[in-house]
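Here's the structure we're looking at; comments come further down.
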Amino acid sequence: MLKLDFHPSGRHFLQIPGPSPVPDRILRAMSLPTIDHRGPEFGALGREILENIKQVFKTRGPVIIYPASGTGAWEAALSNVLSPGDKVLMYETGQFATLWEKMARRLQLEPEFIGLPGYESWRYGVQADMIEARLKEDAGHEIKAVCVVHNETSTGVTSDIAAVRRAIDAAEHPALFIVDTISGLASADYRHDEWGVDVTVSGSQKGLMLPPGISFNAVSDKAIATSRVSTMPRSFWAWDEILEANQNGYWPYTPSTNLLYGLKESLDMLLDEGLENVLARHQRWAAGVRKAVEAWGLEIQCLDPVVYSPVLTGVVMPEGIDADEVRKIIYERFDLSLGAGLGKSKGKMFRIGHLGDCNDLTLIATLGGCEAGMKLTGVPLKGSGVTAALDYFAINPLKGSS
């Protein structure tokens, strides 16, 4: 029989960039008895969640919640506002942008994938000027949507979404603006309304600190209006029935009740702390981890410091060293899970997640496991990343600490 908890004594360090560790407070909330999803108690729960989640997306508009992974929210976004054969401009920043483009093709859309040449596109953020130039060429407005990833989980790059909005406006193009912030939400600054996004896609298992299983579409009035004339086949993903049911706090089908308990608790935690404080601690953790990588003398996957991610850091291995072998040793010896290199970066780097339910000591222990594992596998290190991170955290205390 498979053992669900197969780790040795002590805690397992889950330091991948999502799913992130789930706080005990949220686990306890999820363990409460399931209630009638048509009863009055559920309606009150639904109304509160649907209102409070808007604050995290920084929107006044509706946020649609699906019992699905982030991939489901991708499909919901595309299928509600586009029709078969529509042209879509998508930008390559890494593995998840690539998978989204693949989905668009499977939905019989016509995506145009642009980006910097070769592997370079996986080391920088979205180049808004390239999007502006392409949209200016589209005099007939055949391109119906622009799709970009906010925080590319495979590379550790957080693109400038406001700059993309400015590019679309500068081109005077009517394309819808669709953004994936599955790993960015509640960890990196994101502003649905202010940045003029029409559909924002996100998921539960990153900064919201929940298990996988809930995903989101935050939608603009323009997106809702466009959905009424879209001819893409859809049923489960259709916004109209969900929005109607949501008015009273319900769903048109059976929702994931116990995950919604967890979401309610997550929102309480985030809003009680204050979103600005949440974002500030993620930036601080990221800076401390980068100090460690610098002390090791290793390269960060993202080559543009302006778009370093507060969610994760990609650590590039020296030529001739297999990053997956390094990860394997770290996992086996120290019970520490790190993110693998994906797609074009497979075997070249590993990813340290620093999001959600963390603290300074969590990251110091993580960096200690990385440092010891790299020494065991012969990675040449210039100095101690653990000491560098300790020094950084010591002289840059968390706001409110003494």
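The values are calculated or read from the model by the stated rules, or taken from the named source; none is laboratory data. What you are looking at is a predicted structure, and each value in this text was computed from that prediction instead of being measured. We place every Cβ from the backbone using ideal geometry, glycine too, and count neighbours over all the protein chains shown. When the accessible area is computed, the model is the full protein with side chains, heavy atoms only, and any ligands, DNA or RNA have been set aside. Shrake-Rupley method; radii C 1.70, N 1.55, O 1.52, S 1.80 Å.
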Practice task
Calculate, in nm to one decimal, what Tyr119 and Glu194 gain on full extension: separation in residues at 0.36 nm each, minus their alpha carbon distance.
Solution key: 23.8 nm
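With a 1.4 Å probe and all protein chains left in place, how much accessible area per residue does region 35-160 have, in Å²?
About 38 Å² of surface per residue is accessible.
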Fill in the blank from the handout: So the carbon and sulfur contribution to the accessible area of the chain, 1.4 Å probe, in percent, is 53
Practice task
Rounded to the nearest 500, what is the 222 nm mean residue ellipticity of the chain from helices alone, with -39500 (n - 2.57) per DSSP H run of 4+ residues and division by all residues?
Solution key: -12500 deg cm²/dmol
Practice task
Multiply the residue gap between Asp304 and Met1 by 0.36 nm, knock off their C-alpha separation, and tell me the result in nm, one decimal place.
Solution key: 104.3 nm
Practice task
Excluding Leu109 itself, calculate the net charge of residues whose Cβ lies under 14 Å from the Cβ of Leu109, where each Lys or Arg counts +1 and each Asp or Glu counts -1.
Solution key: 0
Exercise for the section: Over all directions, average the projected area of the Cα convex hull of the chain and note it in nm². Expected result: 20.7
Practice task
With a 1.4 Å probe and every protein chain left in place, work out the accessible area per residue of region 171-300 in Å², rounded to a whole number.
Solution key: 35
Problem - Exposure ranking of Thr231, Thr93 by accessible area [1.4 Å probe, largest first] - result: Thr231, Thr93
Problem - Length released on extending from Leu376 to Thr254, taking residue separation times 0.36 nm less the Cα-Cα span - result: 38.9 nm
Practice task
Between Val229 and Glu332, with labels modelled 7 Å along Cα→Cβ, what's the label distance in nm to one decimal, could you check?
Solution key: 6.0
Fill in the blank from the handout: Here the equivalent ellipsoid of region 356-402, derived from its Cα gyration tensor, has semi-axes (largest first, whole Å) of 25, 12, 5
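Express the accessible area of region 340-394 per residue in Å², computed with a 1.4 Å probe while the remaining protein chains stay in the model.
Counting only protein heavy atoms, the per-residue value for region 340-394 is 39 Å².
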Handout entry: Computed E for Asp240/Glu48 - FRET, C-beta separation, R0 30 angstrom, nearest 0.05
Key = 0.85
Practice task
Go ahead and set up a Gaussian network model of the chain, Cα springs under 10 Å, then flag whichever of Tyr331, Tyr124, Tyr66 fluctuates most.
Solution key: Tyr331
Fill in the blank from the handout: Counting only residues 5 or more apart in sequence or on a different chain, those whose built amide H sits under 5 Å from that of Gly18 are none
Practice task
Measure off 7 Å from each Cα along the Cα-to-Cβ vector at Gln283 and Asp138, then give the distance between these two points in nanometres to one decimal.
Solution key: 3.3
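Only loop residues by DSSP count here, and only those with at most 15 other Cβ atoms within 10 Å; note down the trypsin sites (Lys or Arg not before Pro) in region 330-401 that meet that.
Lys346, Lys382, Lys399
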